[in-house]
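A short worksheet on the structure shown next.
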Protein chains: 2
Amino acid sequence: MRNPLTEAFGIEYPIFAFSHCRDVVAAVTNAGGMGVLGALAFSPEELEQELTWIDEHVGGRPYGVDVVMPVKTLDRDAGIDDVSDIGAQLRSHISQDHWDYTDRILTEHGVDVAARDDGLEEGAGLGAGVLGWTAATGAPQIDIALSHDIALLASALGPPPKAAIDQAHEQGVKVAALIGRVEQAQRDVALGVDIIIAQGYEAGGHTGEVASMVLVPDVVDAVDVPVLAAGGIGGGRQMAAAMALGAAGVWTGSIWLTVAENGSSPVVTEKLLGATSTDTVRSRAYTGKPARQLRTAWTDAWEAPDSPGTLPMPLQFILNSYASQKMGATPPRELVGMPVGQIVSRMDQVRSTKQVVVDMVQEYVDVTERLTADLEG
Amino acid sequence: MRNPLTEAFGIEYPIFAFSHCRDVVAAVTNAGGMGVLGALAFSPEELEQELTWIDEHVGGRPYGVDVVMPVKTLDRDAGIDDVSDIGAQLRSHISQDHWDYTDRILTEHGVDVAARDDGLEEGAGLGAGVLGWTAATGAPQIDIALSHDIALLASALGPPPKAAIDQAHEQGVKVAALIGRVEQAQRDVALGVDIIIAQGYEAGGHTGEVASMVLVPDVVDAVDVPVLAAGGIGGGRQMAAAMALGAAGVWTGSIWLTVAENGSSPVVTEKLLGATSTDTVRSRAYTGKPARQLRTAWTDAWEAPDSPGTLPMPLQFILNSYASQKMGATPPRELVGMPVGQIVSRMDQVRSTKQVVVDMVQEYVDVTERLTADLEG
């Protein structure tokens, strides 16, 4: 396959794969696509290690890094910018009602909330995940990413800072931004973003309300940069649909959660393999912003009539992180969730990363040939 | 274009057009597609007239009729089957709180609710629209439809009764059913339905939560009958995407609301032409079941914290119909709504029905050729 995007990156297929797993990132890149590592879960030191590992395993083939740059979070609103003290400052914004409701959910599902208390005072809910969502801590990830030989810097929930875009361009790194509305695409292109990732309602993780079928062509027509289609893409038919809608390539995420190289826990893998397209929900229960995920007793509880309501990012995630610590290594199955898109319906067997790429490309070719044949009657 | 569906119906393009306007139905059929008249808004006598008019204007070319057969409505639950008295029986299930809240919404938007009272006691909210949604009154529409030379009997919200499916088949009429979940498609095919209309979240009117990008291939793989893709389709790129996903054709609806032949009011047309994909909402405020429509002060009011909550079908529509009567011929602009899909973003000019078909087909051909060219590099 050849189009401006495959030419620009020197890749065989315009398949971009978002994953938090370095093995998946490297395997997609080595299979002719472009792996993109989600940096959110890593501390600066860890991210440095992961990227060094990828550098060593892709033989100079292109890969990317994805950071999360929320335009609006509580720490920005409250002017919190002292990282050393950020935990206590954030926790001071969580009401006792919310802690109590969290304990109640856990207790109702058999978790002994008094059993695990180690380090909760200081550390609870302050994993790198939360820190990555604060303005004060997102920037170092960009610096580390740009110190490696990356081909793409992508950002979600908002564009990278202008200075980061400029620095990326100086180094020959393309910048992509993930959006859910046409106006966001126009805003980001005006800032200098090179590629727009138009993500539809059906996508996993943070996502908007416009479905890919409508969003993709609307964005393609509204901006003059290449557009990647995201949301609902797990196979070659969906890839062909995305390209038909005008996308220059596809941005995939969920589909990599059940590949052999991905290190999900057995219970998560089992739930993902068993889920259908109606087993996900777009909920604020995980991070405080609407994100599609498996529907669980946790997401149901935060939608229930007696829920105190979810908290803004990153406070809601602190409650999640607290709950994770309380649940320990064997959480109640009904509380185990995972951000994933409606395409989870297609995730019904474990394949190798390379096989997913090969299957997608083969089906894409078959579909294109079928469309042509139908046309010729 | 040629595929099993175009062969079966003897049509040039697998473009199915749902419309309440007979002119649109005839024009699509005459342009090489298949017009399908939505019967819901018509009394049996009116439906007879509309179909006679269509018979006289399509020169034997195929067209269809769409009926609504809700699986679950209050009148079914309550065992109401006496049509002569159905109005009073249904109204007895509406609480004073709901009438008061409706009056409050109207008053807040400047409607003098005391000004129009004629006939409200007997007739309010009991137009054919409500009757079409009750089990007792849906059946005659099928009888009338089958007394004309139709090629397709389609149903939404549930399959036609088994007897109607059998009668249709005896007359050589194909039966289609609109679904939003894989299990519904399997249920309907087991009943003898010939064609499944897989309608995604982005669609206008009553719709489910799974987006077309995921729903269509899932349904295609789950049933062994042709599948029409519905939801988010307004142009040739989307038609090509639908066919890439495995659909045998497309089912379109919203896009016909702004064609020259359609008789929308000037304010509705203006609002549709000005709306973007984020100006719709999936709400129970119109009929009591989730339906995508323009977001208005009315839909907002029923989602507001002090709302008494929407009522089950068909009671909520009775409140809508009551409000329409109270508002008269010039309703407040902010209360004027319309069921429409996210594709409303593409409805930015008035075209003739024929031109919409021609544009869709031309773009479809262009896209297919582009995909083939990209593949060959």
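The values are calculated or read from the model by the stated rules, or taken from the named source; none is laboratory data. Bear in mind that the values here come from a model prediction, so they are computed numbers and not experimental data. Here Cβ is always computed from backbone atoms with ideal geometry, including for glycine, and neighbour counts include all displayed protein chains.
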Residues of segment B:359-377 satisfying the condition of being buried (at least 19 other Cβ atoms within 10 Å of the Cβ) and closer than 30 Å to A:Gly10 by Cβ: B:Val367, B:Thr368, B:Leu371
Test: residue in segment B:315-327 that is free of Cβ contacts under 8 Å to residues at least 12 places away in the same chain and under 30 Å from B:His98 (Cα atoms): yes
Filtered residues of segment A:165-190 (kept if surrounded by fewer than 16 Cβ atoms within 10 Å (Cβ to Cβ) and part of a loop (DSSP other than H, G, I, E, B)): A:Gln171, A:Gly172
Odd one out for B:Val182, checked against (1) more than 17 Å from the chain's Cα centre (by Cα); (2) under 20 Å from B:Pro160 (Cα atoms); (3) β-branched (Val, Ile, Thr); (4) more than 8 Å from every other protein chain (Cβ to nearest Cβ): (4)
Of the criteria (1) of a type outside the set (Asp, Glu); (2) at positive phi; (3) more than 14 Å from chain B (Cβ to nearest Cβ), which one A:Ala323 fails: (2)
Every residue from segment B:324-377 that is touching a His at 6+ places or on another chain (Cβ under 8 Å) and of a type in the set (D, E, K, R): B:Glu334
Residue check, B:Gln316 more than 14 Å from chain A (Cβ to nearest Cβ), polar (S, T, N, Q) and crowded, with 18+ Cβ neighbours inside 10 Å: yes
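Could you identify the single residue in A:Ile255, A:Ile233, A:Ile195 that is within 9 Å of chain B (Cβ to nearest Cβ), in contact (Cβ under 8 Å) with a residue 60 or more places away in the chain and crowded, with 24+ Cβ neighbours inside 10 Å?
On the way: A:Ile255 fails: within 9 Å of chain B (Cβ to nearest Cβ); A:Ile195 fails: within 9 Å of chain B (Cβ to nearest Cβ).
The unique qualifying residue is A:Ile233.
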Residue under evaluation A:Thr207, criteria (1) closer than 30 Å to A:Asp143 by Cβ; (2) away from every other protein chain (no Cβ under 11 Å), criterion not met: (2)
Neighbours by Cβ (under 8 Å, 6+ apart or cross-chain): first from segment B:143-167, under 28 Å from B:Gly208 (Cα atoms); second surrounded by fewer than 24 Cβ atoms within 10 Å (Cβ to Cβ) and polar (S, T, N, Q): none
Residue check, A:Glu50 assigned to a helix (DSSP H, G or I), charged (D, E, K, R) and touching a strand residue (DSSP E or B) at 6+ places or on another chain (Cβ under 9 Å): yes
Set B:Val216, B:Val210: member being part of a loop (DSSP other than H, G, I, E, B), of a type in the set (A, V, I, L, M, F, W, C), free of Cβ contacts under 8 Å to residues at least 60 places away in the same chain and out of contact with any Asp or Glu (no Cβ under 6 Å at 6 or more places or on another chain): B:Val210
Scope segment A:49-63; condition under 28 Å from A:Ile318 (Cα atoms) and crowded, with 16+ Cβ neighbours inside 10 Å; matching residues: A:Glu50, A:Leu51
Some residue of segment B:106-127 being modelled with pLDDT under 65, of a type in the set (A, V, I, L, M), surrounded by 17 or more Cβ atoms within 10 Å (Cβ to Cβ) and not in a strand (DSSP E or B): yes
